[in-house]
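Notes follow once the structure below has been shown.
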Amino acid sequence: MIKLFSDTKIDELLNLLNTSSNISMVTHVNPDGDAIGSVLAWSNFLKEKGINSTVIVPNHFPDFLKWINGTENILVYFNQKDRCERILKSSDLLFCCDFNKISRLEALGEFIETLGIKKVLIDHHIGVEEKDFALIFSKVPISSTSEIIYHIIRQITGKKHVAPRIAEPLYTGIMTDTGAFTHSCSPEMFRIVADLMECGISREQIHSKVYSSFSVNRMRLMGYFINKIEVLPEYRTAYISLTREELDRFKFEPGDTEGFVNIPLSIKDIVLSVFFTESKEGFIKLSLRSTGQFSVDNMSRKYFQGGGHKNASGGKSFVSLDETVSFFKSILPEFKDDLIY
């Protein structure tokens, strides 16, 4: 196995764990499969070592992830603010999983920044704000934060197999962050997946629980979404926009649009897909996906206050939905050579 981190860094981590009495973990707003998978795998691993921790998420996470061992103990800051803040105030170590800067936690992050708590980052995104963290475990080319967690656990234990309650969330995180193994996959990642499958988990059951347990409303929303796809063949681009009213019409729940942005990439010759949605908070959320060499990370960082990975990124806009879409179309000529290549 490739050794991602130095023995010195692993020793620093172990020293922090051994000298901390109250440990908490957080992940980003709108937690996805890798966010939930990575924090639960790490929390379950620490519990196995006799170290208890509290997992806190900024807001709700999708129902299709709630079968994972440990989700029943996750605290949601949006609903349990006072309790979460009491726990964080008493914490002396905070693990930050699957995000690169405290601002990605939004309101939860604003509270955390008022505390003197020591923070450890475990992440795989570009643009880490190093000043926010006492210790950083970050590797950008890696498929997912769950894959990084696997490497850390293996370096600590020297073993390639873990308990099923650790293997299941790790597999879920890797599977969802690679689009069911369709992008960001390396030979090393597949070796890790093989190791996890040997831990006694059921690949078929995990796939079914994540991808075959959607509501009727979600399926109807998907049909509506597909009908709204706009194609710009001269830029090999497709985009879709959904208003808050449209989402409400289909009784939208967190996670209902998971994976939608990838659908237009199934269209012949399309290399860029962008999904615009109106958020409850008043801004426009962008999800960007691409194939091949086109970097949505560059586009998102330059124009939409976002970032992520070369082929998968997010962003925000603080003008109206129509204005955001119009602006997006206006910048496409700048990227035409890279899109057509």
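What to note about this one:
- Only listed residue being buried (at least 20 other Cβ atoms within 10 Å of the Cβ), among the β-branched types (Val, Ile, Thr), within 20 Å of SER300 (Cα to Cα) and out of contact with any Leu (no Cβ under 6 Å at 6 or more places or on another chain), chosen from ILE263, ILE270: ILE270
- Subset of region 1-22 that is part of a loop (DSSP other than H, G, I, E, B) and among the β-branched types (Val, Ile, Thr) - its residue that is nearest to ALA134 (Cα to Cα): THR19
- Scanning region 287-298 for residues that are among the hydroxyl-bearing types (Ser, Thr, Tyr) and not in a loop (DSSP other than H, G, I, E, B) yields a count of 2.
- Cβ-Cβ distances below 8 Å connect the following pairs, each with a first residue in region 114-136 that is closer than 12 Å to CYS97 by Cα, a second residue that is part of a loop (DSSP other than H, G, I, E, B) and of a type in the set (Val, Ile, Thr), and a separation of six or more residues or different chains: LEU121/VAL128; HIS124/VAL140; HIS124/ILE142; HIS125/VAL140; ILE136/VAL128.
- Screening region 202-226 for residues that are buried (at least 18 other Cβ atoms within 10 Å of the Cβ) and of a type in the set (A, V, I, L, M) and picking the one that is farthest from ALA238 (Cα to Cα) gives ILE206.
- The residue that is surrounded by the fewest Cβ atoms within 10 Å (Cβ to Cβ), counting only those in region 139-168 that are in contact with a Ser or Thr (Cβ under 8 Å, 6 or more places away or on another chain) and not hydrophobic (A, V, I, L, M, F, W, C), is PRO141.
- Selection of first residues in region 291-318 that are basic (Lys, Arg) and of second residues that are assigned to a helix (DSSP H, G or I), restricted to Cβ pairs under 6 Å at least 6 apart or on distinct chains, gives the following pairs, ordered by first then second residue: LYS310/ASP297.
- Filter pass, LYS119 being of a type outside the set (S, T, N, Q), in contact with a Phe, Trp or Tyr (Cβ under 6 Å, 6 or more places away or on another chain), under 19 Å from ILE10 (Cα atoms) and surrounded by fewer than 24 Cβ atoms within 10 Å (Cβ to Cβ): yes
- Residue pairs meeting the criteria (Cβ under 7 Å; at least 6 apart or on separate chains; first within 22 Å of PHE252 (Cα to Cα) and in the same structural domain as GLU106 (by TED's automatic domain parsing), in region 49-74; second part of a loop (DSSP other than H, G, I, E, B) and among the polar types (S, T, N, Q)): ASN59/ASN30; PHE64/SER213
- Test for PHE190: is it at pLDDT 95 or above, touching a Leu at 6+ places or on another chain (Cβ under 9 Å), surrounded by fewer than 21 Cβ atoms within 10 Å (Cβ to Cβ) and not in a strand (DSSP E or B): no
- Being within 18 Å of the chain's Cα centre (by Cα) and under 26 Å from ILE156 (Cα atoms) is a property that does not hold for ILE2.
- When region 299-341 is filtered for residues that are among the polar types (S, T, N, Q) and not in a helix (DSSP H, G or I), the ones remaining, listed by number, are GLN305, ASN311, SER313, SER317, SER320.
- One residue from ASN59, ASN100, ASN22, ASN44 being under 19 Å from ARG165 (Cα atoms) and surrounded by 16 or more Cβ atoms within 10 Å (Cβ to Cβ): ASN44
- In the set (1) assigned to a helix (DSSP H, G or I); (2) in contact with a Phe, Trp or Tyr (Cβ under 6 Å, 6 or more places away or on another chain), the condition left unmet by VAL39 is number (2).
- Matching residues, region 305-331, being out of contact with any strand residue (DSSP E or B) (no Cβ under 8 Å at 6 or more places or on another chain) and surrounded by 14 or more Cβ atoms within 10 Å (Cβ to Cβ): HIS309
The values are calculated or read from the model by the stated rules, or taken from the named source; none is laboratory data. Just so we're clear, the structure is a prediction, and the values are computed from it rather than from any experiment. Glycine gets a Cβ as well: all are built from the backbone with ideal geometry, and neighbour counts include every protein chain shown.
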